[in-house]
Amino acid sequence: MAVSPGFKVFLDEQFAPLPGVTIRKMFGGLGVFRDGIMFAMSVEDTLYLRCEGERAADFEAEGSAPVVFKTHTGKDMPMPYWRAPERLFDEPEAFRDWAERAFADAWRMKVEKPARKPRKARAAG
């Protein structure tokens, strides 16, 4: 699940035109953040962009698929991150557009996420 040092450098270069982006290690891969919101991730030298709702059709049209993890019970669990189309790495304007849309999806999901109910305090006893 690791990401090679060379791929990390490559991602730093790809995301450099986007202001405020940081890339940091997470669970053997990398998380790509902006304003504290993760909008992309990399696992095994593959970049995945956040995608919600109707935009999945854009990824499907590019032959992409969502990342799928196995749960501890062996069930496949698709995540809201889709493999970035390879062509984007040779098209800086398109890469930036797709990355900006991934950030917008991640930001919108954070804003629309219902607030968690506070936990009830346990009675001492």
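Here the strands (runs of 3 or more DSSP E) wholly within the stretch 1-92 that include at least 2 residues being aromatic (Phe, Trp, Tyr) are 76-83. Tallying residues that are over 19 Å from Met41 (Cβ atoms), modelled with pLDDT under 85 and surrounded by 10 or more Cβ atoms within 10 Å (Cβ to Cβ) within the stretch 89-125 yields 0. Within the stretch 1-20, residues that are over 15 Å from Glu93 (Cβ atoms) have Cβ atoms under 9 Å from residues that are surrounded by 15 or more Cβ atoms within 10 Å (Cβ to Cβ) and acidic (Asp, Glu) in these pairs: Ala2/Asp45; Val3/Asp45; Ser4/Asp45; Gly6/Asp45; Phe7/Asp45; Phe10/Asp45, counting only partners at least 6 apart in sequence or on another chain.
Inside the stretch 62-75, can you point out the residues that are under 24 Å from Trp107 (Cα atoms) and free of Cβ contacts under 8 Å to residues at least 12 places away in the same chain? Matches in the stretch 62-75: Val68, Phe69. For the stretch 23-37, a residue qualifies if it is crowded, with 17+ Cβ neighbours inside 10 Å and either under 12 Å from Lys8 (Cα atoms) or within 9 Å of the chain's Cα centre (by Cα) (or both), and the qualifying residues are Ile23, Gly29, Leu30, Val32, Phe33.
Listed here are the residues, each with its yes/no results for (1) loosely packed, with under 15 Cβ neighbours inside 10 Å; (2) touching a strand residue (DSSP E or B) at 6+ places or on another chain (Cβ under 8 Å); (3) under 17 Å from Leu18 (Cβ atoms).
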residue	(1), (2), (3)
Asp45	no, no, no
Arg50	no, yes, yes
Phe59	no, yes, no
Ala65	yes, yes, no
Gly74	yes, no, no
Pro78	yes, yes, no
Trp82	no, yes, no
Arg87	yes, no, no
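The values are calculated or read from the model by the stated rules, or taken from the named source; none is laboratory data. Remember, it's a predicted structure, so these values are computed and weren't measured experimentally. No Cβ is skipped: glycine too gets one built from the backbone with ideal geometry, and neighbour counts run over all protein chains shown.
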